Amino acid sequence: MPLNAWNEDILIAELDNEPLFSEDMDNLHQKLEEVARDEAPLPSIIVDLKSVTTVNSSNLGALLKLRTTLNQADKRLVVCSVTDGVWTALLATGLDRVFTFNDDVTTALARLQMEC
């Protein structure tokens, strides 16, 4: 998973389908733990799902865990580029009302920069 630091306050994570999705999320959580150990502020995160065609319950749980971690640090999570297969799962679970969505990374960046 490419992790791109837009700036010190925003990190962009491009996720892939399983099995890489789980590995990518583990790596992302590990990165956040490292930042917290260094006592640096956590960044807001944009999760780019353009390469993800389906998700399972573990994937959704990992996204919820990420959201909780960021909310506790008063940071934002924005999910973007959601494919039809992923959107179907989000609608079926009601998570379409839990996460913040944007159509693409550019729009998500603009949203986060305006909120800072």
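The values are calculated or read from the model by the stated rules, or taken from the named source; none is laboratory data. Everything numeric here is computed off the predicted structure, so don't read it as measured data. Positions of Cβ are generated from backbone atoms using ideal geometry, with glycine treated the same way; all protein chains shown enter the neighbour counts.
Would you confirm whether any residue within segment 15-29 is in contact with a Pro (Cβ under 8 Å, 6 or more places away or on another chain), modelled with pLDDT under 95, over 17 Å from residue 111 (Cβ atoms) and surrounded by 13 or more Cβ atoms within 10 Å (Cβ to Cβ)? Scanning segment 15-29 turns up no residue that is in contact with a Pro (Cβ under 8 Å, 6 or more places away or on another chain), modelled with pLDDT under 95, over 17 Å from residue 111 (Cβ atoms) and surrounded by 13 or more Cβ atoms within 10 Å (Cβ to Cβ).
Working carefully through the options 8, 33, find the one that is within 23 Å of residue 110 (Cα to Cα), without any contact (Cβ under 8 Å) to a residue 60 or more places away in the chain, loosely packed, with under 15 Cβ neighbours inside 10 Å and acidic (Asp, Glu). Break it down into steps so the answer makes sense when it comes.
Values: 33 fails: within 23 Å of residue 110 (Cα to Cα).
Checking each option against the conditions leaves just 8.
A single entry from 62, 73 fulfils the requirement of being without any contact (Cβ under 8 Å) to a residue 60 or more places away in the chain, small (Gly, Ala, Ser) and under 21 Å from residue 2 (Cα atoms): 62.
Can you tell me which residue is farthest from residue 110 (Cα to Cα) among those in segment 49-91 that are among the charged types (D, E, K, R) and under 13 Å from the mean Cα position of the chain (by Cα)? If you could, list the steps in order and put the result at the bottom.
Filtering segment 49-91 for residues among the charged types (D, E, K, R) gives 50, 65, 67, 74-76, 84.
Remaining after also requiring under 13 Å from the mean Cα position of the chain (by Cα): 50, 65, 67, 75-76.
Working: 50: 18, 65: 24, 67: 19, 75: 15, 76: 13 Å.
Once the filter is applied, the top-ranked residue is 65.
Taking segment 96-110 as the range and being under 21 Å from residue 32 (Cβ atoms), over 11 Å from the mean Cα position of the chain (by Cα) and surrounded by fewer than 17 Cβ atoms within 10 Å (Cβ to Cβ) as the test, only 98 passes.
Could you pull out the residue among 53, 68 that is part of a loop (DSSP other than H, G, I, E, B) and surrounded by fewer than 17 Cβ atoms within 10 Å (Cβ to Cβ)? Don't jump to the end; show me each part of the working.
Values: 68 fails: part of a loop (DSSP other than H, G, I, E, B).
Criteria check complete, one pass: 53.
Please determine whether any residue of segment 25-48 is farther than 23 Å from residue 90 by Cβ, assigned to a loop (DSSP other than H, G, I, E, B) and in contact with a strand residue (DSSP E or B) (Cβ under 6 Å, 6 or more places away or on another chain).
So the first thing to find is which residues in segment 25-48 are farther than 23 Å from residue 90 by Cβ, and the list is 30-31, 33-43.
Of the ones still in play, those that are also assigned to a loop (DSSP other than H, G, I, E, B) are 38-43.
Pick out the ones that are also in contact with a strand residue (DSSP E or B) (Cβ under 6 Å, 6 or more places away or on another chain) and you get 43.
Yes - at least one qualifying residue is present in segment 25-48.
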